[in-house]
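Since the structure comes first, as structure tokens, the remarks are kept for the end.
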Amino acid sequence: MLGSRILLFVDNHRFARMLRRWLQDDYELSNQWVPRTDSGSPFDLLLIDQDQLTAKASEIRRFRKAELPVFLPSLLLLPHRKSKIPNRLLGKTVDDVLIHPFEKDEVKARVANLLRLRKMSLDLKSKHDQVAKLSVTDDVSGFHNTRYMHRHLDRLLGQSNSKDRHHSLIFFDIDDFKSVVDAHGHLLGAKTLKEIAEAVHGCLETYDRIVRYGGDEFVVILPRQTKQEAIQKAIQIKEAVAQTRYLIKEGINLTVTASFGVATFPEDAKDKRSLLAQADQCLFESKDHGKNRIKVFGQNDAGFIV
């Protein structure tokens, strides 16, 4: 794995110079112990001698555990065959052992093998992450799907102190979307939904989430936002949907409007199922009272926002 980063934690200066000479052309070498960052480990392989292993065994184990499920290998260098290493360290702290006298080809082969195993684990994690992302991503809009919505709401509403916080939902769907599909076909209809989702996403803050609920219906999740904050966000989204031009590259310059329903936890509902139902019911009332408007749960018919 060319370009890999190796942390060389070897007190024996003669061993250290030898290893640097053999490995420096192929790998990035360092002797600085740097804490793990958000982007992952600052090194790909640890070369360590017995003294450093004794001093840092618990720290190495924590480091490796933090990397899981990615494999962070370590190679122990022993000065002679009589050196002893506790069995409890094998596998948990040390993955391979080299005993002096070292040979260049053997050292390079062991290093390459451990780095190859690390790369395999990185590739597997990357593929797993891709599958996990696809499982919660809507094919049409490119944003989240209902599987993600349910998991996210379960986490938000299931927190021990969640009842002390407000969480709001905005349901909306596109008015008369069937006419768009009838006029331009299903493929351009799907592209329109994607462009609408992108327009709405431009109104959202870091922790807000947009979900395609099904057909031309969407849900916007607003964590820790009160009803009044949700109303203002719904107004902003409503204007963005109406003011954006869609299918411009196709020369169509389509305009659409949308109808909205807003509900807030815990004042309008005590659980996820009720919250979804209340917001959906408000959306239905918006559609039933003329479309292109916002209905907020708990407000009478005079409370529609047009």
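Could you list, in sequence order, all residues of region 192-241 that are farther than 18 Å from H144 by Cα and acidic (D, E)? Write out each step before concluding.
So the first thing to find is which residues in region 192-241 are farther than 18 Å from H144 by Cα, and the list is 224-236, 238-241.
Listed by number, the residues that qualify are E229, E239.
Filter region 196-219 down to the residues that are part of a strand (DSSP E or B) and on the phi > 0 side of the Ramachandran plot and list them by number. Please lay out each step first, then the result.
Step one: list which residues in region 196-219 are part of a strand (DSSP E or B), which gives 209-214, 217-219.
Hit for region 196-219 is G214, nothing else.
Taking the condition at pLDDT below 90 and in a loop (DSSP other than H, G, I, E, B), does S58 pass? I'd like the intermediate steps shown before the answer.
Values: at pLDDT below 90: yes; in a loop (DSSP other than H, G, I, E, B): no.
Spelling it out, it is not the case that S58 is at pLDDT below 90 and in a loop (DSSP other than H, G, I, E, B).
Pairs, please: C-beta under 8 Å, at least 6 apart or cross-chain, first residue without any contact (Cβ under 8 Å) to a residue 60 or more places away in the chain and in region 101-113, second surrounded by 11 or more Cβ atoms within 10 Å (Cβ to Cβ)?
E106/L98; R110/L75; R110/D96; R110/L98; N113/D96
Specify the residue that is surrounded by the most Cβ atoms within 10 Å (Cβ to Cβ); the eligible residues are those in region 109-161 that are under 13 Å from the mean Cα position of the chain (by Cα) and not in a helix (DSSP H, G or I).
It comes out as H144.
Looking at (1) closer than 27 Å to R165 by Cβ; (2) in contact (Cβ under 8 Å) with a residue 60 or more places away in the chain, which is the one condition that is false for L222?
In the conditions (1) closer than 27 Å to R165 by Cβ; (2) in contact (Cβ under 8 Å) with a residue 60 or more places away in the chain, L222 misses (2) alone.
The values are calculated or read from the model by the stated rules, or taken from the named source; none is laboratory data. Everything quoted here is computed from the prediction, not taken from an experiment. All Cβ positions, even for glycine, are placed from backbone atoms using ideal geometry, and neighbour counts span all protein chains on display.
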